[in-house]
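Trainee: Got a structure for you, written out below as structure tokens; questions coming shortly.
The values are calculated or read from the model by the stated rules, or taken from the named source; none is laboratory data. For clarity, every value in this text was computed on a predicted model and none was experimentally measured. All Cβ positions, glycine included, derive from the backbone under ideal geometry; neighbour counts span all protein chains shown. All accessible areas refer to the heavy atoms of the entire protein, side chains included, with ligands and DNA or RNA removed. Shrake-Rupley method; radii C 1.70, N 1.55, O 1.52, S 1.80 Å.
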Amino acid sequence: MFKKVLIANRGEIALRIIRACRELGIETICVYSSADKGGPWLEQATQSICIGPGPSKDSYLRIDRIIAAAEISHADAIHPGYGFLSENAHFAEVCRDSGFEFIGPSPEAMSLLGDKVNCKRLAKQAGTPIFPGTEGGIEDIDEAVKIAGEIGYPVIVKAAGGGGGRGMRVATDEKSLRLGIEQARQEAAAAFGNPMVFVEKYLESARHFEVQVIGDKHGNAVHLYERDCSSQRRHQKLIEEAPAPGVDPAKREKVCASAAELIRRANYAGAATCEFLMDKKQNFYMLEVNTRVQVEHPISEAITGIDIVQTGIRVAAGEALPFKQKDIRINGHAMEFRINAEDPARNFMPQAGLVETWAPPGGPGIRLDSHVRPGYRVPTNYDSMVGKLIVHAPDRETCIKRSIGALQEFQVGPIRTTIPLYLRLLKEPLFTEARHDIKYVERLLSPS
Ligand code: ADP
């Protein structure tokens, strides 16, 4: 096992990794930016090293400084967390070439799954359901128009190297498709350095269904079932739950097994998430694979009893997965609420500044992953999430009731948070009756 792990991240996920390392007897080194000086999580690390000023591009995204920090602190592995450099195959490669184990997949597996066209090709071979569309990238626009005609409009043009929702265009007819391909190509070339785009069927109404998977370096891969993350605003997830409500058990087993098979074929070691859209008839279509630990991993930990972060560290150190697929069962229901420092009453205006009151809830089934305490100042440089409330209960109905109680107990001020929005959504029949889709939050919030 590793002796010292360097954490190339900040905030709640840095703290989550510190907690996992502590139980494994591993020392931790946190790198931080000057905007995060005095951050409460840094006290919990064995050592912390400032690597630059507030803007991420000068600190958390500086590969040279992170590697230098790993060298002077004698780390033997680097954990990227999520965001920042976590899905950067070049960073994974530099870590490896500099003699540090990267806690995550090999750069080869990351590049393979990170390219949407290659990933789709491998998914097809693994039996993972994908959207109908062009085979590979578009060479010939007329060919793409022909295929769109066969699968039927609307279709979506997407970039092979895409991410963060950029480089996508929905087309409703041939004319908008031709224009969309041109525009998406230009946008993709500028944003990702790769102009390759492809076309697939566009689903007007769907639920977001994602499968937690984990593999090791010995050819094993399992799934930890799924999460429903349909409560979104501007493609940002707000509430996640596990398992996905109302899904046919046989269909669930099949799609989850196919996701595990996909990462096994990619020789993938570590935690990953296969994201799907699910239509009303419970057909699944893969969106992409996220090659890192995800924000919402705790709800899968809650229902399976497996520590995903610790397992990721163990497999990076070369251990075989300590469980088999048949050992993994769903126990109860869990929900996660992303507590964002944003004011839902004022168009989600960011709320940087001093947190005077921070009184989180407690009681059975309540977990809070947060780096905040009273007196903490939310910096303006990073994303607005100040914590995650995770609620576990025997069933979905109890989980909703327990979540309402916990969110009512949770006192934060004077900054505003998304807590009032969640209290509203938890009483919304579309959500409580699981008739929701990925657009219901935006529909509810729109003034019409
Ligand atoms: P990115 O990597 O840029 O986030 P994704 O492939 O994950 O791109 O897609 C981002 C979002 O766009 C999805 O969460 C979904 O809301 C929407 N989307 C993508 N593909 C489709 C599709 N074929 N049909 C409907 N919506 C889609």
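Trainee: Tell me, yes or no, whether region 375-383 has at least one residue that is more than 18 Å from Pro243 (Cβ to Cβ), within 16 Å of the ligand (Cβ to nearest atom) and outside the structural domain of Pro55 (by TED's automatic domain parsing).
Mentor: Within region 375-383, one or more residues are more than 18 Å from Pro243 (Cβ to Cβ), within 16 Å of the ligand (Cβ to nearest atom) and outside the structural domain of Pro55 (by TED's automatic domain parsing).
Trainee: Filter region 267-294 down to the residues that are touching a helix residue (DSSP H, G or I) at 6+ places or on another chain (Cβ under 8 Å) and part of a loop (DSSP other than H, G, I, E, B) and list them by number.
Mentor: Residues satisfying the conditions are Asn267, Tyr268, Ala269, Gln282, Thr291, Val293.
Trainee: Same structure again: Out of the residues in region 120-144 that are away from the ligand (no atom under 16 Å from the Cβ) and open to solvent by 20 Å² or more (accessible area, probe 1.4 Å), which is farthest from Arg265 (Cα to Cα)?
Mentor: Asp142
Trainee: Based on this model, can you work out whether Arg252 counts as part of a loop (DSSP other than H, G, I, E, B), charged (D, E, K, R) and either more than 16 Å from the ligand (Cβ to nearest atom) or open to solvent by 30 Å² or more (accessible area, probe 1.4 Å) (or both)?
Mentor: Here the answer is no, as Arg252 does not meet what is asked.
Trainee: Could I ask something else about it? Considering every residue within region 93-112, establish whether at least one is aliphatic (A, V, I, L, M), more than 17 Å from Val213 (Cβ to Cβ) and open to solvent by less than 10 Å² (accessible area, probe 1.4 Å). Walk me through it before giving the result.
Mentor: Of region 93-112, the ones aliphatic (A, V, I, L, M) are 94, 103, 109-110, 112.
Imposing the further condition that a residue be more than 17 Å from Val213 (Cβ to Cβ) reduces the set to 94.
Within this subset, residues satisfying the condition of being open to solvent by less than 10 Å² (accessible area, probe 1.4 Å) are none.
Among the residues of region 93-112, not one is aliphatic (A, V, I, L, M), more than 17 Å from Val213 (Cβ to Cβ) and open to solvent by less than 10 Å² (accessible area, probe 1.4 Å), which makes the answer no.
Trainee: Looking only at region 160-173, how many residues end up being open to solvent by less than 60 Å² (accessible area, probe 1.4 Å) and more than 8 Å from the ligand (Cβ to nearest atom)?
Mentor: Residues meeting the conditions: 3.
Trainee: Out of (1) closer than 23 Å to Gln44 by Cα; (2) under 23 Å from the mean Cα position of the chain (by Cα), the odd one out for Glu356 is which?
Mentor: (2)
Trainee: Then there is this: Just the residues that are crowded, with 20+ Cβ neighbours inside 10 Å and away from the ligand (no atom under 14 Å from the Cβ), please, taken from region 273-297.
Mentor: Within region 273-297, Val293, His297 meet the criteria.
Trainee: Going through region 298-351 one residue at a time, which ones are surrounded by fewer than 18 Cβ atoms within 10 Å (Cβ to Cβ) and among the aromatic types (Phe, Trp, Tyr)?
Mentor: Phe323
Trainee: On to the next question. With respect to Val211, is the statement that it is at pLDDT 95 or above, open to solvent by less than 20 Å² (accessible area, probe 1.4 Å), more than 15 Å from the ligand (Cβ to nearest atom) and within 30 Å of Ile328 (Cβ to Cβ) true?
Mentor: Criteria not met by Val211.
Trainee: On to the next question. So which residues in region 352-391 are under 30 Å from Lys57 (Cβ atoms), open to solvent by less than 50 Å² (accessible area, probe 1.4 Å) and not β-branched (Val, Ile, Thr)?
Mentor: Within region 352-391, Gly353, Trp358, Asp369, Ser370, His371, Tyr376, Pro379, Tyr382, Ser384, Met385, Gly387, Lys388 meet the criteria.
Trainee: Picking from Ala159, Ala144, which residue would you name as being aliphatic (A, V, I, L, M) and either modelled with pLDDT under 90 or within 30 Å of Ala260 (Cβ to Cβ) (or both)?
Mentor: After ruling out the rest, the residue left standing is Ala159.
Trainee: Of the conditions (1) crowded, with 20+ Cβ neighbours inside 10 Å; (2) over 20 Å from Glu108 (Cα atoms); (3) more than 16 Å from the ligand (Cβ to nearest atom), Asp216 satisfies every one except a single condition; which number is it?
Mentor: (2)
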